[in-house]
Amino acid sequence: MLLKRLNILIIGACLPGIILGVVLLGFLNPWIIDFEYTRLKMSDSMFIDIGGIEEARIIAIDCVEYVIGTTKENYLAELDDDQGQSIFNSREIKHMKDVRNVIKSILLWSKWSFWSALVVFCVSLYFNWVTLSTLKSPVIFVNWAFIIVIFTILIYILLNFNAFFTSFHELLFEDGTWTFASTDMLIRLFPLKFWFDITIYITLAILTECAILLLIVKRI
């Protein structure tokens, strides 16, 4: 009985990490840059100093690839404009390294959650420690709990995005390392409206993923 409860607890605890990882991997892709730059009507006039919107798009995609770890750690520091000046200043590069570490930790958590849940699930079924029906209730419970948390965050975002944005950064980053001038490249590439949209997309995607999982589980 204790082993059964432990296995159920492990699988349930792994679900949020798996759900979040799937959503992040879906959004940390070049398509989100193309979509948002088109939606926000970002133009050449906003990036004259670096060669226009197409060059800005390429740099923004480079940033996405950097934070998910597909480029070397000092990649952004090596980016120069036509005059040989660094695209990003030292504070921006420091912040992007911090973001890279946070994303790396989240994706690692998601990866371990997935494999832990899969191994425990397969072993439990093989030895008849649990059945699909016994997993149904805890999975539904965890899903609903996660839905409530994410929905609460969504309401907070809609009511006061600036406060959410500040709280989020204060939670994950050191004071003074994530604020920049309006002329800094990170702010120009990723304006506040961009982040508002992204947080809405991610929370809605998580809620959708949870709803789909609920429908699947209820049919078992």
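Residues that are among the hydroxyl-bearing types (Ser, Thr, Tyr), farther than 25 Å from Arg188 by Cβ and within 20 Å of the chain's Cα centre (by Cα): does the stretch 58-71 have at least one? Checking the stretch 58-71: not a single residue is among the hydroxyl-bearing types (Ser, Thr, Tyr), farther than 25 Å from Arg188 by Cβ and within 20 Å of the chain's Cα centre (by Cα). The set of residues from the stretch 58-78 being of a type in the set (Ser, Thr, Tyr) and assigned to a helix (DSSP H, G or I) comprises just one member, Tyr66.
Taking the condition among the hydrophobic types (A, V, I, L, M, F, W, C) and either at pLDDT 90 or above or under 30 Å from Leu192 (Cα atoms) (or both), does Ile19 pass?
Details: among the hydrophobic types (A, V, I, L, M, F, W, C): yes; either at pLDDT 90 or above or under 30 Å from Leu192 (Cα atoms) (or both): yes.
So Ile19 passes the test.
Selection of the stretch 119-137 for residues being in a helix (DSSP H, G or I) and not small (Gly, Ala, Ser) yields Val119, Val120, Phe121, Cys122, Val123, Leu125, Tyr126, Leu132, Thr134, Leu135, Lys136. Given the structure, is Thr38 exposed (fewer than 13 other Cβ atoms within 10 Å of the Cβ) and over 30 Å from Ser137 (Cα atoms)? Here the answer is yes, as Thr38 does meet what is asked. Among the conditions (1) over 24 Å from Cys210 (Cα atoms); (2) part of a helix (DSSP H, G or I); (3) in contact with a helix residue (DSSP H, G or I) (Cβ under 8 Å, 6 or more places away or on another chain), the only one that Leu20 does not satisfy is (1).
Residue under question is Leu107, and the condition is that it be under 22 Å from Phe35 (Cβ atoms) and at pLDDT 90 or above; does it hold? Criteria met by Leu107. For the stretch 159-178, check the following and say yes or no: at least one residue is among the small types (Gly, Ala, Ser), outside any helix (DSSP H, G or I) and modelled with pLDDT under 95. Yes, because at least one residue in the stretch 159-178 is among the small types (Gly, Ala, Ser), outside any helix (DSSP H, G or I) and modelled with pLDDT under 95.
Name the residue, out of Ile11, Ile58, Ile50, that is farther than 30 Å from Ile140 by Cβ and crowded, with 17+ Cβ neighbours inside 10 Å. One residue alone meets the criteria, Ile50.
Let me confirm something: among Ile198, Ile212, Ile202, Ile140, which residue is crowded, with 18+ Cβ neighbours inside 10 Å and in a helix (DSSP H, G or I)?
Criteria check complete, one pass: Ile202.
Scan the stretch 100-126 for residues that are closer than 18 Å to Glu65 by Cβ, without any contact (Cβ under 8 Å) to a residue 60 or more places away in the chain and among the aliphatic types (A, V, I, L, M) and the total you get is 1.
Among residues of the stretch 42-63 that are closer than 14 Å to Ile32 by Cβ, those with a beta-carbon under 8 Å from a residue that is assigned to a helix (DSSP H, G or I) and aromatic (Phe, Trp, Tyr) at least six positions away or on a different chain give the pairs Arg57/Tyr37; Ala60/Tyr37. Reported count of residues in the stretch 74-98, each being touching a helix residue (DSSP H, G or I) at 6+ places or on another chain (Cβ under 8 Å), under 18 Å from Ile58 (Cβ atoms) and not hydroxyl-bearing (Ser, Thr, Tyr), is 10. Scanning the stretch 79-99 for residues that are part of a loop (DSSP other than H, G, I, E, B) and either in contact (Cβ under 8 Å) with a residue 60 or more places away in the chain or at positive phi (or both) gives Gly84, Ile87, Phe88, Asn89.
What about Thr38, is it in a helix (DSSP H, G or I), modelled with pLDDT of 90 or more and not hydrophobic (A, V, I, L, M, F, W, C)? Even if it seems obvious, please write down each step before you answer.
Details: in a helix (DSSP H, G or I): yes; modelled with pLDDT of 90 or more: yes; not hydrophobic (A, V, I, L, M, F, W, C): yes.
Here the answer is yes, as Thr38 does meet what is asked.
The values are calculated or read from the model by the stated rules, or taken from the named source; none is laboratory data. From a predicted model like this one, the values you see are computed outputs, not experimental measurements. Here Cβ is always computed from backbone atoms with ideal geometry, including for glycine, and neighbour counts include all displayed protein chains.
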